[in-house]
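What follows is a short report on a single structure.
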Amino acid sequence: FLRADYRRVFAEGKSFPSRSFVGWLFFTGSSPYPKLGVVVSRRTFPLSVQRNRARRLLREAFRLSKAYLKNDVFVLLVGRRHLVDSGVSSSKVMKEFHRFCKKADIWTLKIDICGVESSLNISSNVPIIENNGENTEADTQ
């Protein structure tokens, strides 16, 4: 992405802060897939190892969630010091990213993948056992 794209997101987008990052959101209106930008500054992360780890954690959270996001969105994640200070695991970053997506209303999946109660009825695919333990063809459909 170009510098102008980042400036546009900061100027016209909406921010959603979390402990590990600040998520900026901008709807492009024409993109066939969600896009990601990651900002990790040298001032926040003085060592290149820290910057690389922060980038890797944020990109991985986006990659794993990309299929469940709205298509015409540009997500810009600005890393915070907490990403590397306390040895944050990728699962914690993933949960924070998921909360960010739900708060920003860009999450399209009805089931909550982070362990919270879901609204998707998964039991409809399980065969119903009736008639004294015997499955019938009508029960499994």
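The values are calculated or read from the model by the stated rules, or taken from the named source; none is laboratory data. If you're wondering where the values come from, they're calculated on a predicted model, not measured in any experiment. Quick reminder, even Gly has a Cβ in these numbers, built from the backbone with ideal geometry, and neighbours come from all protein chains shown. Surface areas here come from the heavy atoms of the whole protein model, side chains and all, with no ligands, DNA or RNA. Shrake-Rupley method; radii C 1.70, N 1.55, O 1.52, S 1.80 Å.
Rounded to the nearest 0.05, the FRET efficiency derived from the C-beta distance between R99 and N71 at R0 = 22 Å is 0.60. DSSP beta bridges fully contained in segment 1-85 are about 70 percent antiparallel. Rolling a 1.4 Å probe over the protein heavy atoms leaves K95 with an accessible area of roughly 90 Å². Calculated on the alpha-carbon coordinates, the convex hull of segment 1-114 measures out at 98 cubic angstrom per residue.
Students sometimes get this wrong: rank H82, H98 by accessible area, probe 1.4 Å, all chains present, largest first.
Numbers: H82 40, H98 5 Å².
Largest accessible area first, the list is H82, H98.
Relative contact order for segment 1-116: 32 percent, from Cα pairs under 8 Å spaced at least 6 residues apart, divided by residue count.
Hey, any idea what % of segment 1-99's accessible area is carbon plus sulfur with a 1.4 Å probe? Heavy-atom surface of segment 1-99 belonging to carbon and sulfur, 1.4 Å probe: 50 percent. Shown are T108, T44, whose ranking by accessible area with a 1.4 Å probe and every protein chain present, most to least, is T108, T44.
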